[in-house]
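> So that we are looking at the same thing, I have put the structure below in structure tokens.
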Amino acid sequence: MKIFLLLLIVPVTTCFAGVKESDIPYYQVTAEKKDLSLDKNTAKIIFHFEEHSGACLRGTVTYTVNGKNAPQPTLDSMGFYSRSIKPGKHKFVFSATNCNPIQTKAIEIKNQCVVSMLVHFHSNVIIYEADKPVIYLYPEKETEVSVKLDFKGEMDFSYPLYNNGWNVVAHPNGTIKSGAKEYGYLFYEGKIDSREIKTRYLEGSVVNSSELTCFLETSLTAIGLNTKEIADFVTYWAPRMLQNEKNYVRFMLTDEYDQVAKLEVMPKPDHVLRVYMLWQKADNNTPGNLKKQTFIPFKRGGFTVVEWGGSEVKDVFIPAIAPK
């Protein structure tokens with residue numbers, strides 16, 4: 001079951017007509033000109049704030065300059081705001097309601113110059129399509145098992161049918177029987193607002209396609225998936241991920257997975273492992289200073305439950321919305 005990322009946006013207007021949200025930069029210096037009418041040791045910056053729709057921003061904006069809070073700007077009817085500023089290199093962080101925060105690199109503003117900057121806010125109202133969580137059941141002996149999910153969104157499909165829960169017969173080899181049919185795992189998909197998920201996005205890895213299969217196998221082995229589970233995982237995700245030269249990858253484990261769906265299994269398992277992968281195409285804008293994830297090996301024994309899923313995140317880079 002795959003998980004896609006959909007941005008809730010309206011078609012882009014004005015100069016952005018027909019352009020995808022992901023192709024619009026968060027910010028850019030659009031003009032710089034000398035203005036000798038300005039006092040010496042003084043410069044001016046003109047901000048133009050736009051929403052993800054391409055329209056001028058109507059909401060409230062706050063920002064910092066070099067880590068210090070700046071006065072709250074009052075925008076004109078076209079979304080412009082100007083202020084004087086000391087010459088030098090400045091880093092800005094902009095925030096607006098229901099939008100991703102924007103952090104700039106150091107921007108050099110020269111003496112007696114007027115700099116114009118376009119700040120384009122991208123919506124943070126993002127819906128995940130949860131397409132591939134699968135649940136494996138490994139009791140010590142043939143056991144009647146009840147499985148319920150507290151899914152934090154809208155479930156679209158399940159197999160076998162989820163009817164306020166699954167009531168199945170599980171076997172030690174992982175076979176699951178529901179009625180007269182046998183299954184290798186329980187399957188569901190659905191939609192969830194990504195704002196439900198709070199995780200350490202800046203922990204993760206950027207992986208070259210040539211190393212992807214080995215990376216997945218090594219990581220999933222370290223986490224604790226067995227050979228069959230790893231094969232199921234890799235054969236589902238790798239063909240799609242290999243279409244990219246590089247991918248950003250982060251694994252959310254058992255407790256973090258509860259943000260997507262809490263899992264209740266009766267009789268109570270002795271051990272539960274849940275693995276949820278967030279990934280997307282990496283490019284030159286992907287930070288290179290991500291903290292590598294480390295894992296505590298999962299130990300099986302008694303009645304064991306394993307679940308894995310994943311989310312391909314499109315149209316916005318995850319670390320750009322990383323909670324601080």
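The values are calculated or read from the model by the stated rules, or taken from the named source; none is laboratory data. All values reported here derive from a predicted model rather than from experimental measurement. FYI the Cβ positions are ideal-geometry reconstructions off the backbone, even for glycines, and counts take in every protein chain you see.
> If you check every pair at least six apart or on different chains, which have Cβ atoms under 9 Å apart with a residue in region 217-228 that is over 19 Å from S205 (Cα atoms) and of a type in the set (S, T, N, Q) first and a residue that is outside any helix (DSSP H, G or I) and at pLDDT below 95 second?
N226/R300
> Run down A231, A238, A222 and say which single residue is in contact with a helix residue (DSSP H, G or I) (Cβ under 7 Å, 6 or more places away or on another chain), part of a helix (DSSP H, G or I) and surrounded by fewer than 18 Cβ atoms within 10 Å (Cβ to Cβ).
From the options A231, A238, A222, the qualifying one is A238.
> Examine region 36-46 for a residue that is buried (at least 16 other Cβ atoms within 10 Å of the Cβ), at pLDDT 90 or above and closer than 15 Å to A96 by Cα, and state whether such a residue exists.
no
> Suppose we keep only residues that are over 20 Å from Q103 (Cβ atoms) and crowded, with 16+ Cβ neighbours inside 10 Å within region 47-74. Which one would you say is modelled with the lowest pLDDT?
The residue in question is S53.
> Continuing with the same structure: When only residues in region 128-161 that are within 18 Å of F233 (Cβ to Cβ), at pLDDT 90 or above and hydrophobic (A, V, I, L, M, F, W, C) count, which is farthest from the chain's Cα centre (by Cα)?
Among residues in region 128-161 that are within 18 Å of F233 (Cβ to Cβ), at pLDDT 90 or above and hydrophobic (A, V, I, L, M, F, W, C), the one farthest from the chain's Cα centre (by Cα) is L137.
> Now for a different question. Please go through region 252-277 and pick out each residue that is in a strand (DSSP E or B) and surrounded by 15 or more Cβ atoms within 10 Å (Cβ to Cβ).
Those that are in a strand (DSSP E or B) and surrounded by 15 or more Cβ atoms within 10 Å (Cβ to Cβ): M252, A261, L263, V265, H271, V272, L273, R274, V275, Y276, M277.
> On to the next question. Name the single residue that is modelled with the highest pLDDT among those in region 191-219 being within 19 Å of E307 (Cα to Cα) and either in contact with a Phe, Trp or Tyr (Cβ under 6 Å, 6 or more places away or on another chain) or of a type in the set (V, I, T) (or both).
T218
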